Every structure is written in C-alpha cells, then in structure tokens.
Amino acid sequence: MVGKYVLPGTGLQYCCCSTSICFKEIASQQFKSTYFTGHIGYALVPMIARGAMLGPDQPVIINMLDIEPAAEALEGVKMELTDGAFPLLRGVVATTNVIEACKNVDIAVMLGGFPRKEGTERKDVISKNVLIYKAQASALEQHAAPNCKVLVVANPANTNALILKEFAPSIPEENITCLTRLDHNRALGQISEMLGVQVNDVKNVIIWGNHSSTQYPDVNHTTVATGTGLKNVRELVANDHWLSTDFITTMQQRGAAIIKARKQSSALSAASSACDHIRDWVIGTPKGTWVSMGVYSDGSYGIQPGLIYSFPVTCEKGEWSIVQGLKIDEFSRAKMDATAKELIEEKSLMP
Ligand code: LMR
C-alpha cells in the first residue's frame, strides 16, 4: 500500500507505498481468503490511518497495491478505511497498477514477495522475488518522491531489500531497509516476561544479521530501568545459560512458532513493528535508545560491506546511523558471522 503524509507545517506530501502482492497465496489457490497481502497489509492500514506510523498529527493518504485477482477485495479494504472515519486519513488509492501505487510516495512498505516454504529451494524463491522486485524497484525509482524511504517486510526480507537496491540504483542505499524491528520487539517482550517488568523499561537489545533462524539476538548491552537505576539485563536475569541458549532459539524460531499456532504467519506484530520502524526512522529514536534495522552494511563490526544486515541504529532527522564501538565478545562474534554467512550465501544466489 502506498500513502501520503504531511509533515507538520510542510503542506501535503505523499508517503507510504507498500505492495501486497502475495504469490504464495496464489500459488496455493488460497488467495481469495488471504489476499491483500494476507493479513499484514490488512492489519497495517488502520495503524497508519490512526497515526501509529507517522505520529498523531500527521495526515496520511494511503495507496494500496495488489494483484489483479485481489482488485475487488482491495476495494473492500478501501471501503472499510472510509468506514473507519479516521481523522488523519486524507485519501485512499486502491490499485493494481504499480506506477499509480508508487507515484510520489515518500515511504514504501514492501509486503509482497514469494516466501520460502517447506520444500522450496532458496534459489527458486530468490529468482521469483527478483521478478517481483524488479518491477517494483523500477516503479519506485521512476515515480516515488526523490527521498522515498523503503522498508522491505516480505521474506527473505534482507535479500529482497538487496534485490530492490540492485534494481533501483538511483535510490540512495541508506533509503532501503528491511524489517528486523519485529525481532527486536520480540526480544524486548521475552526479557520483560522473564523478569516480570514493563516492556517499556527494557532498552537496547540488538538483533544482528538476517531476519531468519540465524539471527543473533544480543542482550549484552540491554538495560532494564529499575527503582534503583538502570541495570544490565544479565545481572537481573542471572541465568546466562538461558540467555545463551533457550532465549536465542526461542527468538530464532518465533516466526515459525506463530505460523504453527495460527496456521499463518505473524501479522499484527509485523504490522505494528513496521510502524515502529518507520516512526523511529522518520521522527527519531529517543535519546539513549537504539533500535534494530536491516540496513546496508558499510563494514561496521567487520560485516561484509554490501549486505543488508541488521545492526543497532539510532535515527535523527530522518537518517539512521549504526551505533559504533560496542564491545563484541567471542560468542557474539561467532553468531554475528554465522548470520552474515547466510546472507552472503543468499546474495550469491542473486542473478
Ligand atoms: C515472522 O518472523 O513472523 C515471519 O517472518 C515468519 C514468516 O516466515 O513469515
């Protein structure tokens, strides 16, 4: 879907494009019940319309793109958005035309893709996504606003973002990112549950690497606000074994656990974390806090330049910067390299 927004005092601007193409559902003949990108797009649009992505003072126009067989359903979503009477919503475009969807957008949230399923070869998925992302990259490059920010959600998210970058060379590399905020938020949730504290009191987890089962959730720099000041999470959890084993595997398998329970992948948490990702990128991260974003590696922390890799970042004035100088122990080094290795393999499958 695509939207438009007005930054305070700047007049109406276009924003927010994302597509909901979901070839997976089409391939399995289930698209009639799950199109409009299954469920992430359906969960995301009311959040954008309520200001969760761009703030409570930011009017938006949302453009939604879907494939032809979903056109009627897309109209239904448009009707629902009208019926929601969202005060910030200044317009909705429902289209199957990628150029119309991308026209002048300032923010693009890419939900569509061909995800890997049991029995699917990674290289097949990547070549299918090349076809999808090639068209969208070129539409964004030619028709989006000059400084359009792109968030890729569809899996394999890091490599899809890289594909998009390759096919849209004129979009600055710092404007193309992928979603690992979902994993970041999951880690905050796990720690807050473990300690019985408010999720908001837990800060600065890190997701390194790929949004996949090789991701490395790192809590070595994570703090918890307590009545007696900020405490390191390792000190409070007092269970290094859990932090180095079950916590990590729970995080790595969380997406799969949700699919097993829901019989479809995460939607509301994915949509909510996409809003968090864009909000912090556009509006800025709170002082003293970083978030995880899949961004173009500049070689920081010894990660091969040119991968889209999840790092801890701070954001200010619409720009992200990788947090520098964090101490990396041997355990973390090995995990960070293992997830980088997977991304290098995925990259090597790109044509
Ligand atoms: C998630 O982490 O919930 C999803 O990326 C899982 C999936 O494969 O769709």
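The values are calculated or read from the model by the stated rules, or taken from the named source; none is laboratory data. The structure displayed is predicted, hence computed values, not measured ones. Note: ideal-geometry Cβ built from the backbone for every residue, glycine included; neighbour counts use all protein chains shown. Surface accessibility is based on the protein's heavy atoms, side chains included, excluding ligands, DNA and RNA. Shrake-Rupley method; radii C 1.70, N 1.55, O 1.52, S 1.80 Å.
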Using alpha-carbon coordinates, inclination of helix 330-348 to the longest axis of the chain, degrees
30 degrees
Computed over the Cα atoms of the stretch 47-105, what is the ratio Rg over Rh, Rh following Kirkwood?
0.98
The stretch 238-314: radius of gyration and largest Cα-Cα distance (Dmax), Å
15.5, 39
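Using a 1.4 Å probe on the protein heavy atoms, what percent of the accessible area of the chain belongs to carbon and sulfur?
Values: 8010 of 15150 Å².
Taking all protein chains in place, the chain shows 53 percent carbon and sulfur surface.
Which order do peptides 252-260, 88-96, 146-154 fall in by mean Cβ count within 10 Å, highest first?
On the way: 252-260: 14.6, 88-96: 19.1, 146-154: 23.4.
Packing proxy ranking, top to bottom: 146-154, 88-96, 252-260.
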From the cross-link list Lys78/Lys149; Lys231/Lys287; Lys231/Lys327; Lys263/Lys347; Lys123/Lys341, the entries with a Cα-Cα span beyond 22 Å are Lys78/Lys149; Lys263/Lys347
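For the chain, what percent of Cα pairs sit more than 34 Å apart? Walk me through the numbers on the way to the answer.
Details: 13178 of 61425 pairs.
For the chain, the fraction of Cα-Cα distances above 34 Å is 21 percent.
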Between helix 181-195 and the chain: long-axis angle, C-alpha atoms, 0 to 90°, nearest 10
40 degrees
Rounded to the nearest 10, the angle in degrees between the Cα long axis of helix 157-167 and the longest principal axis of the Cα atoms of the chain comes to 50 degrees
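By the scheme Lys and Arg +1, Asp and Glu -1, what is the net charge of all other residues having a beta-carbon under 12 Å from that of Gly229? Write out the running numbers ahead of the final one.
Values: positive: Lys231; negative: Asp201, Glu235.
Neighbourhood net charge equals -1.
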Once the whole set of protein chains is in place, how much accessible area is left on Ile344, using a 1.4 Å probe, in Å² to the nearest 10?
70 Å²
Coil-residue trypsin sites (Lys or Arg not before Pro) of the stretch 291-341, DSSP, other Cβ within 10 Å capped at 16:
Lys317, Lys327
Per residue accessible area in Å² of the chain, where ligands, DNA and RNA are left out and the probe is 1.4 Å:
43 Å²
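Based on DSSP H runs of at least 4 residues, each adding -39500 (n - 2.57), what is the mean residue ellipticity at 222 nm of the chain after dividing by all its residues, to the nearest 500 deg cm²/dmol?
Details: 13 runs with 147 residues, N = 351.
So the calculated ellipticity at 222 nm is -13000 deg cm²/dmol.
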Pairwise label distance in nanometres, Gln324 with Arg122, each label 7 Å out on the Cα-Cβ vector:
3.1 nm
So which residue, out of Ile207, Ile191, Ile62, gets the largest mean-square fluctuation from a GNM of the chain using Cα contacts under 10 Å as springs?
Ile191
Those aspartates and glutamates that a straight Cα-Cα span of less than 18 Å connects to Lys165, excepting residues fewer than 8 apart in one chain:
Asp106, Glu141, Glu173, Glu174, Asp298, Glu319, Glu345, Glu346
Considering only the chain, percent of DSSP beta bridges that pair antiparallel, nearest 5
60 percent
